[in-house]
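Colleague: Take a look at this one; I'll ask things after.
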Amino acid sequence: MKIIVTTYLLLVVFIGFGQTKNPSYDSTLAKSLGADEYGMKKYIFVILKTGPVSLSNKTKRDSLFAGHLKNITRLAEEGKLVVAGPFIEKNDKTYRGIFILNVPTIEEANALLETDPTIKEQVLAAELYPWYGSAALSTYLSTHDKLGKFKL
C-alpha cells in the first residue's frame, strides 16, 4: 500500500511541476474561441471521397458542384466550417478533399453535410472523425480571406 501511495504522490508532484504557465495566455480570447486549458477544442474532421453516383450529365454535375461551393461559403460564414480544400492529385483511396467542421459531434456534422448537394446526391461521400486541434483554427479563414486577390 505504501508503494501505491508513494507512486501516486510522485505522479502528482511530477505532473504539477512538469507544466509551466503560458505568459502569453489570453483568457478572453481562449474563452471566445471555446478553448480548453491547453488551447484546444473538439472538431469533426471530414474526408470527402468520390461517392457511388457518377453523373454523365455535365450540366447537372456543374450545378451540384456550384451548390457545393456555395454551401462551403455559407458554412464558413456561419463559423461552422474552418478548413476546406481539395486534394491536388488523384489517389487510390478516391479522396477528393477535406473539411474541418467547427462542431463537437458527429451528429451535428452530419446535419451540416446534409446541406451539401454533392453529398445529398451521393456524388461525394463523407468519412467523419472526431478530431482535437487548436481552438485558433477558427481564425484561419478570416486570415485567409485577406490573402487571395480573387474570391471563388
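The values are calculated or read from the model by the stated rules, or taken from the named source; none is laboratory data. Predicted model, so just to flag it, every value in this text is computed and none were measured. Here Cβ is always computed from backbone atoms with ideal geometry, including for glycine, and neighbour counts include all displayed protein chains.
Colleague: I need the full set of residues from segment 126-145 which are touching a residue at least 24 places away in the same chain (Cβ under 8 Å) and under 25 Å from residue 64 (Cα atoms), in order please.
Modeller: At the first step, the residues of segment 126-145 found to be touching a residue at least 24 places away in the same chain (Cβ under 8 Å) are 126-141.
Result: 126, 127, 128, 129, 141.
Colleague: Among the residues that make up segment 45-52, is at least one of them in contact with a helix residue (DSSP H, G or I) (Cβ under 6 Å, 6 or more places away or on another chain) and not basic (Lys, Arg)? First the steps, then the outcome.
Modeller: Looking only at segment 45-52, we keep the residues that are in contact with a helix residue (DSSP H, G or I) (Cβ under 6 Å, 6 or more places away or on another chain), and these are none.
No: segment 45-52 contains no residue that is in contact with a helix residue (DSSP H, G or I) (Cβ under 6 Å, 6 or more places away or on another chain) and not basic (Lys, Arg).
Colleague: Is one or more of the residues making up segment 136-148 assigned to a loop (DSSP other than H, G, I, E, B) and basic (Lys, Arg)?
Modeller: Yes, some residue in segment 136-148 is assigned to a loop (DSSP other than H, G, I, E, B) and basic (Lys, Arg).
Colleague: Being more than 24 Å from residue 36 (Cα to Cα) and in contact (Cβ under 8 Å) with a residue 40 or more places away in the chain is true for just one of 82, 53, 46. Which residue is that?
Modeller: Working: 82 fails: more than 24 Å from residue 36 (Cα to Cα); 46 fails: more than 24 Å from residue 36 (Cα to Cα).
Only one candidate qualifies: 53.
Colleague: Could I ask something else about it? Looking at (1) part of a strand (DSSP E or B); (2) of a type outside the set (Ser, Thr, Tyr); (3) surrounded by fewer than 17 Cβ atoms within 10 Å (Cβ to Cβ), which one does residue 128 not meet, given that it meets all the others?
Modeller: Unmet condition: (3).
Colleague: Can you find, within segment 89-111, the residue that is farthest from residue 34 (Cα to Cα) among those that are of a type in the set (Lys, Arg) and part of a loop (DSSP other than H, G, I, E, B)?
Modeller: Keep residues of segment 89-111 that are of a type in the set (Lys, Arg), which gives 90, 93, 96.
Filter once more, keeping what is part of a loop (DSSP other than H, G, I, E, B): 90, 93.
On the way: 90: 35, 93: 34 Å.
The selected residue is 90.
Colleague: Hey, can you tell me all the residues within segment 62-79 that are within 19 Å of residue 108 (Cβ to Cβ) and surrounded by 18 or more Cβ atoms within 10 Å (Cβ to Cβ)?
Modeller: Matches in segment 62-79: 71, 75, 76.
Colleague: Among the residues of segment 38-56, which ones are at pLDDT below 95 and surrounded by fewer than 12 Cβ atoms within 10 Å (Cβ to Cβ)?
Modeller: The answer is 54, 56.
Colleague: In segment 125-146, what count of residues is obtained for those that are more than 15 Å from residue 109 (Cα to Cα) and not charged (D, E, K, R)?
Modeller: Taking segment 125-146 and keeping what is more than 15 Å from residue 109 (Cα to Cα), we get 133-146.
From the residues that got through so far, the ones that are not charged (D, E, K, R) too are 133-144.
So the answer is 12.
Colleague: To continue, here is another question. Do you know which residues across segment 99-125 are surrounded by 15 or more Cβ atoms within 10 Å (Cβ to Cβ), within 16 Å of residue 51 (Cβ to Cβ) and touching a residue at least 24 places away in the same chain (Cβ under 8 Å)?
Modeller: 99, 113, 116, 117, 118, 119, 121, 123, 124, 125
Colleague: Kindly indicate whether residue 59 is modelled with pLDDT of 90 or more and surrounded by 10 or more Cβ atoms within 10 Å (Cβ to Cβ). Steps first, please.
Modeller: Working: modelled with pLDDT of 90 or more: yes; surrounded by 10 or more Cβ atoms within 10 Å (Cβ to Cβ): no.
The answer is no for residue 59.
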